[in-house]
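Q: Sharing a structure below in structure tokens format, with a few things to ask.
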Amino acid sequence: MSTEVRDEVDIDEIELLTNVDFPQIFDSDDDAYNFYSSFAQRSGFSIRRHHVYRNTTDEGNPETVYKREFVCHRSGVSKPVKVNELERQRKRKASRCSCSARLVVAKETIGLEEKWVVIYFNNVHNHDLLDEKEVQFLPAYRNIPVVDQNRILMMHKAGCSINVTMRLLELEKGIDVGSLPFMDKDIRNFLQNQNGIDKQNDALDVLKLCKGLKELDDAFQYDYTIDENKKLEHIIWAFGKNPQTILTDQDPSLKEAIANEFPNTKHAFCIWHILAKLPSWFSFVLGARYNDFKSEFFKVYHLDCEDGFEQNWKSMVAQFGLSNDIHIKLLYSLRQRWALAYLKDFFFAGMTTTGRSESINSYIKHFLDAKTSLTDFVTRVGVAVQIRNRVGEEARMRQKYHNHLLKTSFPMEEHVASILTPYAFKYYFFPSDKSYLRLSLAFRNL
């Protein structure tokens, strides 16, 4: 789109219209753009680069730019969008309204130097201008400085949320809440763009990371599979020696990978994932009886005797008429991986229970989100493991540092205190005052 421009411009007229010391000559077209952008921000609008005029008759350099046009951000009209594109995209309100405000500069030789001279200026808008508080929300003025970009990436790597990141930046700069030159959506878009840049090499980077971790620590274990297109399909890793137990969901590929990589490890299924599937499996089939079934399922799950589990499972299946249900058959075939009766001889640190599982999930969410890259995922889980190990080391130190609070002077109590942890000694050896009294009487009768 070409624009008819005036051969001359009255700078005095510009300064009268704008009440600004408006220069007539600039060293470059970028200088002209930056000045006009600054002027626009003070006036309540933003600008964009528009038409570029090139010298097509210059045989030596046909791409020579000799004139530039900068327009109000509401210049022109919005392009019509096809119906199928409207269905896929969010419906956004159009902002363009054919505003004619613009600045045109042309290249001229003044003396021996090439300069950019203002040849046309129109400051008449057909829309309301924004005030000082409103104009800061225009996208053109919501830029994240490079120094803040580096800080944002560092905080994101540390697992900080966007809200926490913004508040930390405000505190570092000593400014009020909401005074940053960008918004939370700008940080979100910035991080998404960074993830998009790294996404193509994400699989390769995570394999390089695992290889590097293995070289640093031989106890680090990892394995992966490649699909028919030679793309990363599954990956499994563990920080430390071969674990005694592993909790996962019911992914069959994980089952195979764990069996191959950790043949001496007990692989169990997290009950939290199983319970999450119960409504979709049984609520429609059982209707109003579903809540009764769920209560009975919990009772059977918590049984610690294999014979008791088998007997009560059959009774439950018969009671609710689920003998031919495929999900019941699947759960029963995998019972040795989730039922407590079959897991009682293995140590899971309480994570087979829903409360403990949800606690671990909540803890991990401080380090991870749905858009975390594979490389960041492995790195952040490693950080989470290190923090957990640190807490465990401190607890062991305190166990050695603090003496047990003994309630009797009997040798048996002293012996038990020497072999149990403080937690076990307090809650299992003396779970109540009555048991303490019974134990004291038993000691006296010895």
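The values are calculated or read from the model by the stated rules, or taken from the named source; none is laboratory data. The structure presented is a predicted model; accordingly, all values stated were derived computationally and were not measured. Here the Cβ is made from the backbone with ideal geometry for all residues, glycine too, and neighbour counts use every protein chain on show.
Q: Go through the residues of the stretch 40-47 one by one and say whether even a single one is on the phi > 0 side of the Ramachandran plot, modelled with pLDDT of 90 or more and either surrounded by 13 or more Cβ atoms within 10 Å (Cβ to Cβ) or among the acidic types (D, E) (or both).
A: yes
Q: While we're here: Only residues that are among the acidic types (D, E) and at pLDDT 90 or above: list them for the stretch 147-176, please. Can you show your working first?
A: So the first thing to find is which residues in the stretch 147-176 are among the acidic types (D, E), and the list is 148, 170, 172, 176.
D148, E170, E172 - these are the residues of the stretch 147-176 that are among the acidic types (D, E) and at pLDDT 90 or above.
Q: Now for a different question. Residues that are at pLDDT 70 or above and exposed (fewer than 12 other Cβ atoms within 10 Å of the Cβ): find the helices (runs of 4 or more DSSP H) completely inside the stretch 315-415 holding 1 or more of those. Don't jump to the end; show me each part of the working.
A: Values: elements: 326-333, 340-343, 354-365, 374-401.
Output list reads 326-333, 374-401.
Q: Okay, next question. Tally the residues that are polar (S, T, N, Q) and surrounded by 16 or more Cβ atoms within 10 Å (Cβ to Cβ), restricting the search to the stretch 150-178.
A: The first filter runs over the stretch 150-178 and keeps only residues polar (S, T, N, Q), leaving 150, 161, 163, 165.
This time we only want the ones that are surrounded by 16 or more Cβ atoms within 10 Å (Cβ to Cβ), so: 165.
Adding up the residues that qualify gives 1.
Q: Also, I was wondering about something else. Please go through the stretch 27-55 and pick out each residue that is of a type in the set (F, W, Y) and farther than 14 Å from V65 by Cβ. Let's see the steps before the verdict.
A: Taking the stretch 27-55 first, the residues of a type in the set (F, W, Y) are 33, 35-36, 39, 45, 53.
Passing the criteria: F35, Y36, F39, F45.
Q: Still on this structure, I have one more. State all residues of the stretch 293-331 that are without any contact (Cβ under 8 Å) to a residue 12 or more places away in the chain and farther than 19 Å from Y342 by Cβ; if no residue qualifies, say none.
A: Within the stretch 293-331, S295, A318, G321, S323, N324, I326 qualify.
Q: To continue, here is another question. Take the residues in the stretch 254-270 that are crowded, with 16+ Cβ neighbours inside 10 Å and either in the same structural domain as S333 (by TED's automatic domain parsing) or outside any helix (DSSP H, G or I) (or both); name whichever of them is modelled with the lowest pLDDT.
A: It comes out as F262.
Q: Condition first: modelled with pLDDT of 90 or more, part of a helix (DSSP H, G or I) and among the hydrophobic types (A, V, I, L, M, F, W, C). Can you find one or more residues in the stretch 14-33 that meet it?
A: For the stretch 14-33, residues modelled with pLDDT of 90 or more, part of a helix (DSSP H, G or I) and among the hydrophobic types (A, V, I, L, M, F, W, C): present.
Q: Can you name the condition, by its number, that L130 falls short on among (1) more than 21 Å from S46 (Cβ to Cβ); (2) assigned by TED's automatic domain parsing to the domain that holds A101; (3) among the aliphatic types (A, V, I, L, M)?
A: Every listed condition holds for L130 apart from (1).
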